[in-house]
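Asker: I'd like to ask you about the structure that follows.
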Amino acid sequence: MPDIQIMPSILAADFGRLADGCVRAEAAGADQLHVDVMDGVFVPNISFGPDVVKMAAVSVSIPRNVHLMVMNPQNHIKAFAAAGSDTILIHVEARCDIPETLSAIRSMGKRAGITLNPETPAESVFQCLDERWVDEVLVMSVHPGFGGQKYLSYVEQKVAAIRRRADWVDISIDGGIDAETVIPAAAHGVNLFVAGSYLFKQEDMAAAIKDLRRSAQENYCRNL
C-alpha cells in the first residue's frame, strides 16, 4: 500500500488568517498542505499567487502541494518553485507543451503532477504515466474553480483506470471529500486526499484527519 495522506486545502481557510490556517492544519497532523492557484482565465475565480506559497513555506514544515489551475502554467512554474512549492501540478487541459512543462518542474527539484477535470478521460494522462513524466495524478471530483461543491462519484471509474495503468503513481483527488466520500475514492485507488471545507469547519481537525486516514487505509483498492 502506498502512503495514505490527507492534504487540507487552504482555499477553505479564513483568508484573513491564512498563516494561522496553515499552522492549524500542520498541528492537526496534515501530511501536506494543498494550495489552489486560480488565474481567472482557466477557471472563473482568482485565488492565490506565489506569495501565499511563500507564506506557507515559512509557516509550516510539511510539503506544499500546489495545484495550478491556470491557462499557461509554463509562465508561472519558476515563480511557484522559487516560492517554496514541493509539488507543482498542471492541468492536462492547459495551453502548454505538457512534457516540456513537466520536465521543467522536475528540473527545478520539484515533484511534477498532472491534473484532469471531471469530464476529461483517463486516457488523456496515459502517456504521462507510460513515460513516467509525473509523480502524481490529481483527479478533480468537482468542477475546478469553486470550493464547497458536491463530490462527483462518476470520476471513481477514471481513478480505477489510472490505478490499473500505474500502480506506482500517487493518485490524489480534490472536491467534496469528507468522511463518506473518502471511502469509495480510496476503494478505487486514491491515496492522497485533498479536503478543504470539510476539514476547516471541524472543531477537532486532528480527529477528522485521523478518521479520514483510517477510512482510506481500510478501504484502499477494495473495488479494484
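Asker: Return the aspartates and glutamates within reach of residue 150: Cα separation strictly under 18 angstrom, same-chain partners fewer than 8 residues apart disregarded; answer none if there are no such residues.
Answerer: Within the straight-line limit of under 18 Å, residue 150 reaches these aspartates and glutamates: 36, 119, 174, 178, 180.
Asker: Here's a follow-up. Over the chain, consider all pairs of different Cα atoms and compute the Kirkwood hydrodynamic radius from their mean reciprocal separation; express it in Å, one decimal.
Answerer: Details: mean 1/r = 0.0588 Å⁻¹.
It is 17.0 Å.
Asker: Helix-only estimate, please: 222 nm mean residue ellipticity of the chain, summing -39500 (n - 2.57) across DSSP H runs of length 4 or more and dividing by its residues, to the nearest 500.
Answerer: After summing the helix terms and dividing by the residues of the chain, the value is -9500 deg cm²/dmol.
Asker: Which whole-number percent is the relative contact order of segment 5-219 (Cα, under 8 Å, 6+ apart)?
Answerer: For segment 5-219, the relative contact order is 19 percent.
Asker: Can you tally the net charge around residue 120? Count Lys and Arg as +1, Asp and Glu as -1, for every other residue whose Cβ sits under 12 Å from the Cβ of residue 120.
Answerer: Details: positive: 158; negative: 93, 119, 123.
Here the count lands on -2.
Only the coordinates and a few stated rules stand behind these numbers; no lab work does. Everything quoted here is computed from the prediction, not taken from an experiment. Ideal geometry is used to build each Cβ from the backbone, glycine not excepted, and the neighbour counts take in all protein chains shown.
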